[in-house]
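Heads up, the thing below is written out as structure tokens.
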Amino acid sequence: MEKNRFFPEINGNFGFGCMRLPMNGDEVDLEETARMADAFIEAGFNYFDTAHGYIRGKSELAIRECVSKRHSRDSFLLADKLTEPFFNSEDDIEPFFRQQLELCGVEYFDFYLMHAQGMRNYDKFKRCNAYKTAFRLKQEGLIRHLGISFHDTPETLDMILTEQ
């Protein structure tokens, strides 16, 4: 299997996205999701991606039930995200982050992203010191790699990267 050249700890170049999971009505089909996660890991892959807004918070719970409770923490990598609707002040960010850890059933995130960054929401992330808080959580060992997901122009990306 080809190693990821940017993050060698990621096995292969595929990730298991948890934005859309098999459902039974309004609930995640945990049995089917666990089967899929097991097959993914057994095939040699290890990167899972979630966010609190995915399936109205049920994606993080599915990660806990289908991955974290069933596989050793060193057998998978997990990405989660800070998304703008889930905080209104700097004081909201760390409690929300810790809730995400609990929902996912992990002690740290391998990757934590400032989600859907662009001019529309970047000022809120700045005003609430979201990056500063995330860098502090990284220093505490609760985040291994900090990043962004981005939805705007190259100029806006340059501005964000220059300011951070």
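The values are calculated or read from the model by the stated rules, or taken from the named source; none is laboratory data. All values derive from a computational prediction rather than experimental measurement. Ideal geometry is used to build each Cβ from the backbone, glycine not excepted, and the neighbour counts take in all protein chains shown. Note: areas computed on protein heavy atoms with side chains; ligands, DNA, RNA excluded. Shrake-Rupley method; radii C 1.70, N 1.55, O 1.52, S 1.80 Å.
Got a sec to turn the phi values of region 101-115 into Karplus ³J(HN,Hα) couplings, 6.51 cos²θ - 1.76 cosθ + 1.60 with θ = phi - 60°, whole Hz, x for Gly and Pro?
My calculation for region 101-115 gives 4, 5, 4, 7, x, 10, 9, 7, 9, 5, 9, 9, 10, 6, 8 Hz in order.
Leaving ligands, DNA and RNA out of it, rank K81, K58, K132, K126 by accessible area with a 1.4 Å probe, largest first.
Numbers: K81 10, K58 40, K132 135, K126 80 Å².
Largest accessible area first, the list is K132, K126, K58, K81.
Taking 29 Å as the cut-off for C-alpha to C-alpha distance, list the pairs among K69/K138; K58/K138; K69/K132 that go past it.
Working: K69/K138 24 Å; K58/K138 25 Å; K69/K132 31 Å.
Beyond 29 Å: K69/K132.
Compare R136, R127, R35, R20 by solvent-accessible area with a 1.4 Å probe and give them largest first, with all protein chains kept in place. List each step's numbers first, then the result.
Values: R136 90, R127 160, R35 135, R20 185 Å².
Ranked list, largest accessible area first: R20, R127, R35, R136.
Taking a ≥ b ≥ c as the square roots of the Cα gyration tensor eigenvalues, with a/c under 1.5 meaning rounded and otherwise prolate when a/b beats b/c, else oblate, which class fits region 64-112?
Values: a/c = 2.81, a/b = 2.37, b/c = 1.19.
Cα axes put region 64-112 in the prolate bin.
Relative to the present Cα-Cα distance, how much length would full extension add between E31 and L157 at 0.36 nm per residue of separation?
On the way: separation 126, 0.36 × 126 = 45.36 nm, distance 4.01 nm.
Additional length available on full extension: 41.4 nm.
Treat every Asp and Glu Cβ in region 1-136 as -1 and every Lys and Arg Cβ as +1, leave all other atoms uncharged, and give the resulting dipole magnitude about the Cα centre to the nearest 20 debye. Write out the running numbers ahead of the final one.
Values: 18 positive and 23 negative charges, 102 e Å.
That gives a dipole near 480 debye.
Please compute the per residue accessible area over region 37-164 with all protein chains in place, 1.4 Å probe, rounded to a whole number of Å².
Numbers: 6070 Å² over 128 residues.
Per residue, region 37-164 has 47 Å² of solvent-accessible surface.
Arrange the peptides 61-71, 115-125 so that the one whose residues have, on average, the most other Cβ atoms within 10 Å appears first. Walk me through the numbers before you get to the answer.
Details: 61-71: 19.9, 115-125: 17.1.
Ranked by mean Cβ neighbours within 10 Å, highest first: 61-71, 115-125.
Considering only DSSP beta bridges where both residues belong to the chain, give the percentage that are antiparallel (nearest 5). Provide the component values of the computation, followed by the final result.
Numbers: 3 of 19 bridges.
Of all bridge pairs located within the chain, approximately 15 percent are antiparallel.
Provide the gained length on full extension for the span D38 to M119, in nm with one decimal, where the gain is 0.36 nm per separating residue minus the Cα-Cα distance.
Numbers: separation 81, 0.36 × 81 = 29.16 nm, distance 3.89 nm.
Additional length available on full extension: 25.3 nm.
Compute the angle between helix 130-139 and the longest alpha-carbon principal axis of the chain, please, reported from 0 to 90 degrees and rounded to the nearest 10.
The answer is roughly 60 degrees.
Does anything in region 79-110 have its amide N under 16 Å from the 7 Å Cα→Cβ label point of R136, and if so which residues?
88-99
Accessible area of region 1-146 with a 1.4 Å probe: how many percent of it is carbon plus sulfur?
Numbers: 3840 of 7550 Å².
On region 1-146, the fraction of accessible area on carbon and sulfur atoms equals 51 percent.
State the label only: which of (1) 11.7; (2) 14.4; (3) 9.9 corresponds to mean projected area of the Cα convex hull in nm² computed from the shown model?
Matching the structure shown: (3).
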